[in-house]
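Okay, structure first, notes after.
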Amino acid sequence: MTDSVTIAVDTGASGIKVVGAIDGEQCVAFLMAPHCLEIDTNATEKADSFDEHRVWVKFDNEAYAVGTLAQTLGASVRMKPLKYTMATPRICAAIGVVIQKLELPFKFNLNLVCVLPASEFNDRNLVIEGVRSAIKTLEFPNGKVKIKLKEMNIFPEGFGLIQGHGRKLNEIESVTMVMMGHRNMSTFETKFGTPCKPHTSSCGFNLFLSDVASQTGYDTEDLLKLISATPYHSSLLDAHLEYKKNLERDLQLFEAAQKENKDLTDDSTRFIRQQIKEIEIRIEKEQNIKTSMDKSYQERYYKVIKSEGKNREYEHTKLIQVIEKAKQSYVVKITSWLDEHMPDRTNIVCIGGGASKLLWDDMYPFLFERVSSEQKPELCVLRDISISSPRHQIDAVMMKEDNRFSDIYSLFRFQISKKQLAEEQG
């Protein structure tokens with residue numbers, strides 16, 4: 001049997017986030033479509049290879065298509081059912097894809113970490129029982145597996161973000177977590193590290209999308225992709241500009257030295273000028289890419305507009321206006337709800353979830369007002385965490401581009417660290 005495998009799964013309505021690794025080795029991370037559909041057990045096809053876009057699972061005489069496969073079979077993402085009710089097939093499908101990506105044997109030990117909305121946290125034992133039962137008869141397109149579930153932990157959504165900021169929770173009187181998810185919004189407080197006072201609202205980001213869709217007629221899933229898009233940022237361009245700045249500084253120093261000492265040659269200044277010319281070529285090339293990407297970002301809504309000519313421009317302007325108005329209305333709704341359910345004063349507020357990045361500028365002033373005045377302003381309201389790790393460097397690059405991974409990846413690392421500590425002490 002292989003070394004223990006650790007898998008962390010967030011079965012969110014905007015996408016199933018998965019991180020997995022054989023302990024001590026490089027991790028894999030991927031995003032699955034959230035769709036899940038029960039199918040006929042006789043309709044499944046065997047396949048030696050499958051991935052996050054095409055996977056089905058069987059257990060307890062039931063079969064489910066998950067992800068893109070379920071979407072192609074007509075599944076829709078339903079917002080009303082509680083997340084835990086469909087958690088088992090989604091978690092099992094995630095396990096299957098990790099098996100493929102890590103090329104695991106059909107028999108291994110598993111440590112599993114999952115999350116649930118704060119208001120569903122008390123239902124975690126139902127999920128644990130469901131997964132434990134399913135694993136006993138689990139089958140994927142390439143055959144049955146024999147998995148020994150060594151440990152399964154479920155945390156409230158957002159607990160990983162709090163852990164990931166590196167603060168000692170048991171020393172802080174009050175930390176408040178605000179999770180802005182696709183299906184719902186939730187908040188809970190930790191009192192010296194212990195989660196309490198969970199609240200969940202149906203005012204998830206989908207409410208905002210549905211408002212825009214009702215006024216424009218566009219599909220909410222198409223709108224999600226376009227509205228959630230972020231402007232292009234080139235770290236390479238930043239590095240080139242910084243390098244050019246340093247070269248120009250060095251050139252000034254050499255030129256000043258030559259004025260002081262006529263015996264100095266021009267070799268150094270010639271070399272630096274050549275370096276500046278070369279970096280300017282690279283800067284121009286990267287700026288052209290950025291200009292093209294910026295244009296694509298500004299015109300992204302045209303992808304769903306079917307009108308032509310002047311009507312096309314009118315529809316584009318109207319869509320942008322509707323989105324902005326709906327966003328402001330949505331912010332009023334969610335801040336009103338938070339005003340009732342958040343503590344009046346707290347030491348730290350941590351905000352996360354897929355919508356947090358888009359609404360950060362609108363939410364920050366409200367959240368800042370809830371923080372105790374003795375805290376330093378720059379430490380009051382926290383959003384992103386660092387999810388880089390030397391061991392997981394490759395996948396961290398991908399996850400940094402999608403902050404939806406921050407919560408579950410932090411819990412993944414927390415689980416790995418806890419296991420390592422237990423082994424060292426044992």
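The values are calculated or read from the model by the stated rules, or taken from the named source; none is laboratory data. Predicted, not measured: the structure shown is a model, and the values here were computed from it. Please note: Cβ atoms are built from the backbone with ideal geometry, for glycine as well, and neighbour counts cover all protein chains shown. The protein model used for the area step is the full one, side chains on, heavy atoms only, and it has no ligands, DNA or RNA in it. Shrake-Rupley method; radii C 1.70, N 1.55, O 1.52, S 1.80 Å.
Out of curiosity, is residue 247 over 37 Å from the mean Cα position of the chain (by Cα) and either assigned to a helix (DSSP H, G or I) or surrounded by 11 or more Cβ atoms within 10 Å (Cβ to Cβ) (or both)?
When the stated conditions are applied, residue 247 passes them.
Say whether the condition of being over 25 Å from residue 47 (Cβ atoms) and assigned to a helix (DSSP H, G or I) is met by at least one residue in the range 150-159.
Yes; the residues of the range 150-159 include at least one that is over 25 Å from residue 47 (Cβ atoms) and assigned to a helix (DSSP H, G or I).
Quick check, is residue 216 of a type in the set (Val, Ile, Thr) and either loosely packed, with under 15 Cβ neighbours inside 10 Å or farther than 30 Å from residue 370 by Cβ (or both)? If you could, list the steps in order and put the result at the bottom.
Details: of a type in the set (Val, Ile, Thr): yes; either loosely packed, with under 15 Cβ neighbours inside 10 Å or farther than 30 Å from residue 370 by Cβ (or both): yes.
Yes.
Quick check on this structure: which one of 145, 97, 127 is of a type in the set (A, V, I, L, M, F, W, C) and at pLDDT 95 or above?
None of the other options fit; the residue is 97.
Select from the range 228-274 the residues that are touching a residue at least 24 places away in the same chain (Cβ under 8 Å) and closer than 30 Å to residue 353 by Cα and list them in ascending order.
Keep residues of the range 228-274 that are touching a residue at least 24 places away in the same chain (Cβ under 8 Å), which gives 228-232, 234, 236-237, 240-241, 243-244, 247-248, 251, 272.
Of everything in the range 228-274, those that are touching a residue at least 24 places away in the same chain (Cβ under 8 Å) and closer than 30 Å to residue 353 by Cα turn out to be 228, 229, 230, 231, 232, 234, 236, 237.
With respect to residue 127, is the statement that it is among the β-branched types (Val, Ile, Thr), closer than 30 Å to residue 362 by Cβ and either open to solvent by less than 20 Å² (accessible area, probe 1.4 Å) or not in a strand (DSSP E or B) (or both) true?
no
Would you please name the residue that is nearest to residue 198 (Cα to Cα), looking only at residues in the range 354-371 that are open to solvent by 10 Å² or more (accessible area, probe 1.4 Å) and in contact (Cβ under 8 Å) with a residue 40 or more places away in the chain?
My answer is 370.
Applying the selection to the range 148-166, what residues are within 20 Å of residue 94 (Cα to Cα) and surrounded by fewer than 20 Cβ atoms within 10 Å (Cβ to Cβ)?
If the condition is that a residue be within 20 Å of residue 94 (Cα to Cα) and surrounded by fewer than 20 Cβ atoms within 10 Å (Cβ to Cβ), then 148, 149, 150, 151, 152, 153 are the ones that fit.
Within the range 167-206, how many residues turn out to be open to solvent by less than 20 Å² (accessible area, probe 1.4 Å), over 15 Å from residue 155 (Cβ atoms) and of a type outside the set (S, T, N, Q)?
Counting residues in the range 167-206 that are open to solvent by less than 20 Å² (accessible area, probe 1.4 Å), over 15 Å from residue 155 (Cβ atoms) and of a type outside the set (S, T, N, Q) gives 5.
Would a scan of the range 131-140 turn up a residue that is open to solvent by 10 Å² or more (accessible area, probe 1.4 Å) and assigned to a loop (DSSP other than H, G, I, E, B)?
Yes, there is a match, as at least one residue in the range 131-140 is open to solvent by 10 Å² or more (accessible area, probe 1.4 Å) and assigned to a loop (DSSP other than H, G, I, E, B).
Given the structure, is residue 290 within 15 Å of residue 231 (Cα to Cα), open to solvent by 100 Å² or more (accessible area, probe 1.4 Å) and assigned to a helix (DSSP H, G or I)?
When the stated conditions are applied, residue 290 does not pass them.
For residue 325, are the conditions met, namely being open to solvent by 70 Å² or more (accessible area, probe 1.4 Å), free of Cβ contacts under 8 Å to residues at least 40 places away in the same chain, of a type outside the set (Gly, Ala, Ser) and more than 27 Å from residue 15 (Cα to Cα)?
no
Look through the range 23-36, keep the residues that are over 21 Å from residue 136 (Cα atoms) and of a type in the set (A, V, I, L, M, F, W, C), and return whichever of them is modelled with the lowest pLDDT.
Within the range 23-36, the match that is modelled with the lowest pLDDT is 27.
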